[in-house]
1. Quick check on residue 173: is it in a helix (DSSP H, G or I), crowded, with 22+ Cβ neighbours inside 10 Å and modelled with pLDDT of 95 or more?
2. Return yes or no: is residue 144 in contact with a strand residue (DSSP E or B) (Cβ under 6 Å, 6 or more places away or on another chain), buried (at least 22 other Cβ atoms within 10 Å of the Cβ), in the same structural domain as residue 314 (by TED's automatic domain parsing) and within 26 Å of residue 287 (Cβ to Cβ)?
3. Which residues, counting only those in the stretch 324-379, are under 21 Å from residue 150 (Cβ atoms), surrounded by 16 or more Cβ atoms within 10 Å (Cβ to Cβ) and at pLDDT 90 or above?
4. Which pairs turn up if I take residues in the stretch 342-355 that are assigned by TED's automatic domain parsing to the domain that holds residue 148 and look for partners that are in a helix (DSSP H, G or I) and surrounded by 10 or more Cβ atoms within 10 Å (Cβ to Cβ) with beta carbon separation below 6 Å, at least 6 apart in sequence or on another chain?
5. Among 215, 240, which is the only one that is farther than 28 Å from residue 82 by Cβ, in contact with a helix residue (DSSP H, G or I) (Cβ under 8 Å, 6 or more places away or on another chain) and at pLDDT 95 or above?
6. From the set of residues in the stretch 176-206 that are touching a strand residue (DSSP E or B) at 6+ places or on another chain (Cβ under 7 Å) and more than 17 Å from residue 230 (Cα to Cα), which is surrounded by the most Cβ atoms within 10 Å (Cβ to Cβ)?
7. Quick one: count up the residues across the stretch 278-321 that are over 24 Å from residue 266 (Cβ atoms), without any contact (Cβ under 8 Å) to a residue 40 or more places away in the chain and not in a helix (DSSP H, G or I).
8. Please state which of the following conditions residue 246 fails to meet, knowing it meets all the rest: (1) surrounded by 20 or more Cβ atoms within 10 Å (Cβ to Cβ); (2) in contact with a strand residue (DSSP E or B) (Cβ under 9 Å, 6 or more places away or on another chain).
């Protein structure tokens, strides 16, 4: 027999309007007052501590249906019945953070998401995906790493009625599953990626287009992503590899740690002489994959040195955008801010990074990346 809280949770999850009323509360005391009143109107008496703050709502039985469009996926979790898509209530909050993960953390901090939860089994997630809720995906942004991709995502996000998703973790999780699971290879894996795009791009505020900036290692999954989204144009951003390696030596990204990406992805052993060598070989793998991908259609290489002007001059037309003067002004305003710290103004630091390059960095770049970088740069000029 269900207790009063479980009965209340079930009632709220079946009532989108009640979800909106409770989900809009940012302060715990206001949420509690509204929730208690709503429970009372349903003839339910909640225990005083039933709505106490907690890190996350307790596990629930998987639902075969997607939740209302105000919910977005936040992760894929393993369970005894297989992978589950875990959702959170976002309401009409704009996704304006530099990274989608920051938006997830803000959503999960709301009182509502500490009491209410929705999970969907992977098969149901794929098979029951709505066909009319998502803003159309207009472009994908692949990148070398530390090369202006976040800036491009922010500039695209400055366009009206636009979703710009920066490295959404649930899409990364879907790519990993599709690469690893035998039952998700081929058409089923492609269907999973399309369903995840549809879930992440839900038009909660009337958005008419969506762009996704991918994780840097995703260029190595290009064939899989291309099979799922064959008509979507894409760009590959790159930067002087010395500047990129200096940035990585200062603060390593998880994509440069082989144990944190799909096993065997880089084909690099653990016996390398230092982090400079490892990172250089990883970026060489990125470039090699990009060169292969650029041999086909729908792709374009973009040099960091050409930003921010390349957004208006090359990326926008490539993505099928014809920007108005107002839109160009909005994009220009976004380009003046530091993409990872929007409260600060952007300042180029390429020359400073080069001046900090160690002999080990310079040697690693020369051995592994320089020739590939020249080939990518030539592709960008064509």
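1. Values: in a helix (DSSP H, G or I): yes; crowded, with 22+ Cβ neighbours inside 10 Å: no; modelled with pLDDT of 95 or more: yes.
Answer is no for this residue.
2. Working: in contact with a strand residue (DSSP E or B) (Cβ under 6 Å, 6 or more places away or on another chain): yes; buried (at least 22 other Cβ atoms within 10 Å of the Cβ): yes; in the same structural domain as residue 314 (by TED's automatic domain parsing): yes; within 26 Å of residue 287 (Cβ to Cβ): yes.
Considered against the rule, which asks whether it is in contact with a strand residue (DSSP E or B) (Cβ under 6 Å, 6 or more places away or on another chain), buried (at least 22 other Cβ atoms within 10 Å of the Cβ), in the same structural domain as residue 314 (by TED's automatic domain parsing) and within 26 Å of residue 287 (Cβ to Cβ), residue 144 comes out as yes.
3. Passing the criteria: 327, 330, 331, 334, 335, 353, 373, 376.
4. That search, which allows pairs on different chains as well, returns 350/243; 353/243; 353/246; 354/242.
5. Numbers: 215 fails: farther than 28 Å from residue 82 by Cβ.
Unique residue meeting the criteria: 240.
6. 199
7. The number of residues fulfilling the criteria is 1.
8. Answer for residue 246: the failing condition is (2).
The values are calculated or read from the model by the stated rules, or taken from the named source; none is laboratory data. Note that the coordinates shown come from a computational prediction; the quantities given were computed from them, not determined experimentally. Note: ideal-geometry Cβ built from the backbone for every residue, glycine included; neighbour counts use all protein chains shown.
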